[in-house]
Amino acid sequence: MKVLVTVKRVVDYAVKVRVKPDGSGVDLSNTKMSMNPFCEIAVEEAVRLKEAKVASEVIVASIGPSQSSEQIRTALAMGADRGIHVEVEKELPPLVISRALKSIVLKEKPSLVILGKQAIDDDCNQTGQMLAQFLDWPQGTFASKVKVVGEKLQVTREVDRGLETLELRLPAVVTCDLRLNEPRYATLPNIMKAKKKPIEKLGLKDLNCEPSYGLQTLSIFEPPKRQGGNKVESVAELIEKLRNEAKVI
Ligand code: AMP
């Protein structure tokens, strides 16, 4: 079976982001960019399915600027077979991304699509769910274990009441949680091999997608700076401050 896995280029998790002074977005100049950590987990899971001979081909798709090909190459070095890069200049919301992914799915006909549960830049946690809806496919979100059993897929999810295992018929959409696996580091020989693997370049037009579906980001601003705390000498002083300064009691 074919597996499609999606990767997003995001600001590295260790970088403190800077908002542009005009509030139009985040300043990405000289900022370290990486593959979204949840997407690394998605790639790892797809590659493990291939190593277990459950998957016959792993295709990696990314929608983003020209540099997103770096993240596709990383996924290819981890073991994916080929890439699809939909080149777009500006950041697009999950509604557009999931419609574009739907077109890729209809073209490639994978039996399984694996996404990260969320992108750490927008924290939307929407793309997988929207994609499943647009395709009218079953979805297993926040997967901490994935097992293919014949024509079905068992997905274990961590929910408030414990571990829940769902059985989905294939084709299906899965989004990965942190505990699904530990992604590998690409080895140097595999990084070299990945340079020869094909990456197909597409535009949104090739997928019959518009760059916007009625959504527009109006402004982005930093949250207010946290006020420093105070130490109190006694419970009585704490109650007095809560009552007279914070006015919460
Ligand atoms: P989000 O809904 O934005 O939190 O993203 C959830 C997941 O959807 C990510 O972990 C990716 O696997 C996928 N995704 C989101 N945006 C993109 C993109 N521009 N290109 C490829 N995959 C994406």
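The values are calculated or read from the model by the stated rules, or taken from the named source; none is laboratory data. The structure displayed is predicted, hence computed values, not measured ones. Here the Cβ positions follow ideal geometry from the backbone for every residue, glycine too, while neighbour counts run over all protein chains shown. Accessible surface areas use protein heavy atoms only, side chains included; no ligands, DNA or RNA. Shrake-Rupley method; radii C 1.70, N 1.55, O 1.52, S 1.80 Å.
Within the range 142-163, is there a residue that is open to solvent by 40 Å² or more (accessible area, probe 1.4 Å), under 30 Å from LYS16 (Cβ atoms) and modelled with pLDDT under 90? Scanning the range 142-163, I find at least one residue that is open to solvent by 40 Å² or more (accessible area, probe 1.4 Å), under 30 Å from LYS16 (Cβ atoms) and modelled with pLDDT under 90, so the answer is yes. Taking the range 181-191 as the range and being exposed (fewer than 11 other Cβ atoms within 10 Å of the Cβ) and over 22 Å from the mean Cα position of the chain (by Cα) as the test, the residues that pass are LEU188, PRO189.
Would you confirm whether any residue within the range 38-47 is in contact (Cβ under 8 Å) with a residue 40 or more places away in the chain, of a type in the set (Val, Ile, Thr) and in contact with a Cys (Cβ under 9 Å, 6 or more places away or on another chain)? There is at least one residue in the range 38-47 that is in contact (Cβ under 8 Å) with a residue 40 or more places away in the chain, of a type in the set (Val, Ile, Thr) and in contact with a Cys (Cβ under 9 Å, 6 or more places away or on another chain). Pairs linking a residue in the range 198-222 that is free of Cβ contacts under 8 Å to residues at least 40 places away in the same chain to a residue that is exposed (fewer than 13 other Cβ atoms within 10 Å of the Cβ), with Cβ atoms under 9 Å and 6 or more positions apart or on different chains, are LEU218/GLY23.
Give ILE220, ILE191, ILE239 a once-over and let me know the one that is more than 23 Å from VAL105 (Cα to Cα) and either charged (D, E, K, R) or part of a loop (DSSP other than H, G, I, E, B) (or both). Checking each option against the conditions leaves just ILE220.
None of LEU135, LEU112, LEU101, LEU106 is more than 12 Å from the ligand (Cβ to nearest atom), crowded, with 21+ Cβ neighbours inside 10 Å and within 21 Å of LYS2 (Cβ to Cβ) except LEU112. For the structure I just gave you, tell me whether GLU40 is open to solvent by 10 Å² or more (accessible area, probe 1.4 Å) and out of contact with any Pro (no Cβ under 9 Å at 6 or more places or on another chain). No: the conditions fail for GLU40. Among the residues of the range 54-67, is there at least one that is touching a helix residue (DSSP H, G or I) at 6+ places or on another chain (Cβ under 9 Å) and of a type in the set (D, E, K, R)? Yes, because at least one residue in the range 54-67 is touching a helix residue (DSSP H, G or I) at 6+ places or on another chain (Cβ under 9 Å) and of a type in the set (D, E, K, R). The lone criterion from (1) open to solvent by less than 10 Å² (accessible area, probe 1.4 Å); (2) in contact (Cβ under 8 Å) with a residue 60 or more places away in the chain; (3) more than 12 Å from the ligand (Cβ to nearest atom); (4) among the β-branched types (Val, Ile, Thr) left unmet by VAL58 is number (2). Residue pairs whose Cβ atoms lie under 6 Å apart, separated by 6 or more positions or on different chains, with the first residue in the range 1-15 and free of Cβ contacts under 8 Å to residues at least 40 places away in the same chain and the second more than 8 Å from the ligand (Cβ to nearest atom) and not polar (S, T, N, Q), are ASP12/LYS32; VAL15/LYS32.
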